[in-house]
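Peer 1: I'd like to ask some things about the structure below.
The values are calculated or read from the model by the stated rules, or taken from the named source; none is laboratory data. Since this is a predicted model, take the numbers as computed values, not measurements. Cβ placement follows ideal geometry from the backbone for every residue including glycine, while neighbour counts extend to all protein chains displayed. For accessibility, only protein heavy atoms count, side chains too; no ligands or nucleic acids. Shrake-Rupley method; radii C 1.70, N 1.55, O 1.52, S 1.80 Å.
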Amino acid sequence: NCVCSDNLVVTIIKDPPHDEPKDIIVQFEQTEYSVAENGGFVLLQLIADKPAPEGGYSVMIFFADGSAGLQDYDNMSLSVFFDEGQTTATADVKIENDTILEHLETFTGQLSLPEGTADFITIGPSDKATIDITDNDAVEVNFDPSIYSVCENDGSVELILVANASAFYGYSVTVETFDGTASDGSDYTGGSFEIDFPAGSTTASLTVPILDDILLEGIEWFGGLLTVSDVDGVMAGPDNMANVTITDNEGDIIVEFEKSAYSFNEDVGDGILTLVASAPAPAGG
């Protein structure tokens, strides 16, 4: 108390001491997250063991590529603010959707404190989160075209396979030929073939040898069946069967007498007239 000469008494009250902020530990609520590629965002939840003091504070998350890169998510770093009284905060990380078939991809987020952060803010042991991105794409493979026509003396026919989207990794499909009226080994060289699609590609082809002969056969055909097995996200489409028509290159068969004149003795019995054809007779004669 201070007593002045004019008898006015002024009382000065000392402010009560403020409680010093206690140590606050901030960390990820969980360290594993999973999001679909077309999910739009993944929400990373941060928790603090005590409410934020007056004025709040910020923490940083720095992201690092794993098998996922910046083409798969949108941020290199994020600042996350805890307002006064808060014990939780979220970080929204944008996920980029594409049309490429990919395996499961991952990236990580690392918690850090900005420069100048108060000493009573510390990062807890759950300071790193791993984010898995599951792919939502599928590749469908078809013959395109599915109908082919080839001449018997063309040597081969090329069957074209087309995928509706590319894949981040390579894969294989199988084409197995089957007989129609054309026969494997005499009209074409067939079998079961493994066709590779390299990473990023959408087209592949199979060359099937066509065998030329001297038989008059008319139009023949054989087929090819496309199948896919043990490849995640890849399937055979509706045009999974090819039809190949082989046009014969032999002309009409001309039949004539071997000789234009014959002479027999009267007592020979039977005279033999020989006919010759310009090509072998087809099946059925």
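Peer 1: Could you give the length gained by full extension between Leu104 and Phe193, i.e. 0.36 nm per residue of separation minus their alpha carbon distance, to one decimal place?
Peer 2: Value of the extension gain: 29.2 nm.
Peer 1: Just tell me the longest site-free run in the chain, where the sites are GluC sites (Glu not before Pro) in a DSSP loop having at most 15 other beta-carbon atoms within 10 Å.
Peer 2: Longest gap between qualifying sites, sites excluded: 116-257.
Peer 1: From Cα pairs below 8 angstrom and at least 6 apart in sequence, can you work out the relative contact order of the range 55-140, rounded to a whole percent?
Peer 2: Relative contact order comes out at 34 percent.
Peer 1: I've got another one for you. Per residue, how much accessible surface does the range 129-285 expose to a 1.4 Å probe? Answer in Å², no decimals.
Peer 2: Computed with neighbouring chains in place, this is 56 Å² per residue.
Peer 1: When DSSP beta bridges are limited to those with both residues in the chain, what percentage is antiparallel, rounded to the nearest 5?
Peer 2: In the chain, DSSP labels about 80 percent of beta bridges as antiparallel.
Peer 1: Using a 1.4 angstrom probe, figure out how much accessible area the range 75-118 has per residue, in square angstrom, rounded to the nearest whole.
Peer 2: 53 Å²
Peer 1: Calculate what fraction, in whole %, of the accessible area of the range 51-162 sits on carbon and sulfur atoms when a 1.4 Å probe is rolled over the protein chains.
Peer 2: 47 percent
Peer 1: To continue, here is another question. Quick check: the distance between the Cα centres of the range 213-230 and the range 20-50, to the nearest angstrom?
Peer 2: 60 Å
Peer 1: From the phi of every residue in the range 66-78, what ³J(HN,Hα) in whole Hz does the Karplus formula 6.51 cos²θ - 1.76 cosθ + 1.60 yield, where θ is phi - 60° and glycine or proline is x?
Peer 2: Result, ordered by residue: x, 7, 8, x, 5, 6, 9, 9, 9, 10, 8, 7, 9 Hz.
Peer 1: If you don't mind, there's one more thing I want to ask. For Asn164, project a label point 7 Å along Cα to C-beta. Then give me every residue of the range 233-247 with its amide nitrogen under 19 Å of that point.
Peer 2: 233-242
Peer 1: Tell me, what is the FRET efficiency for Tyr262 and Met235 to the nearest 0.05, using R0 = 51 angstrom and their Cβ-Cβ distance as r?
Peer 2: With R0 = 51 Å, the Cβ-Cβ based efficiency is 0.15.
Peer 1: How many Lys pairs in the chain lie less than 28 angstrom apart by Cα atoms, where the lysines are 8 or more positions apart or on different chains?
Peer 2: Close lysine pairs found across the chain: 5.
Peer 1: In terms of modelled amide H atoms, which long-range or inter-chain residues lie less than 5 Å from the amide H of Ile95?
Peer 2: Gly40, Phe41, Val42
Peer 1: Taking the dipole about the Cα centre of the range 65-165, with the C-beta of Lys and Arg at +1 and of Asp and Glu at -1, give me whichever of Ala89, Asn153, Gly109 is farthest to the positive side.
Peer 2: Ala89
Peer 1: How much length would be gained if the chain were fully extended between Asp23 and Thr174, taking 0.36 nm per residue of separation minus their Cα-Cα distance, in nm to one decimal?
Peer 2: Answer, rounded to one decimal: 48.0 nm.
Peer 1: Further question on the same structure: Would you list Phe120, Phe107 from the most to the least accessible area, probe 1.4 Å?
Peer 2: The ordering from most to least exposed comes out as Phe120, Phe107.
Peer 1: Right, next: Taking H as built 1.01 Å from N, whose amide H comes closer than 5 Å to the amide H of Val234, not counting residues under 5 places away?
Peer 2: Val139
Peer 1: Separate question: Relative contact order of the chain: what whole-number percent is it, with Cα pairs under 8 angstrom and at least 6 residues apart?
Peer 2: The normalised contact order for the chain reaches 16 percent.
Peer 1: If amide H atoms are built 1.01 Å from N in the plane of the peptide, which residues on other chains or at least 5 residues away come under 5 Å of the amide H of Ser67?
Peer 2: Long-range HN contacts for Ser67: Thr106.
Peer 1: Turning to a different aspect of this structure: Would you list Lys22, Lys128 from the most to the least accessible area, probe 1.4 Å?
Peer 2: Order by accessible area, largest first: Lys22, Lys128.
Peer 1: Sticking with the crude label model, points 7 Å out along Cα→Cβ, report the distance from Ile272 to Ser201 in nm, one decimal please.
Peer 2: In this crude spin-label approximation the distance works out to 6.1 nm.
Peer 1: Only Cα pairs under 8 Å and at least 6 apart count here; give the relative contact order of the range 110-250 as a rounded whole percent.
Peer 2: Here the relative contact order equals 31 percent.
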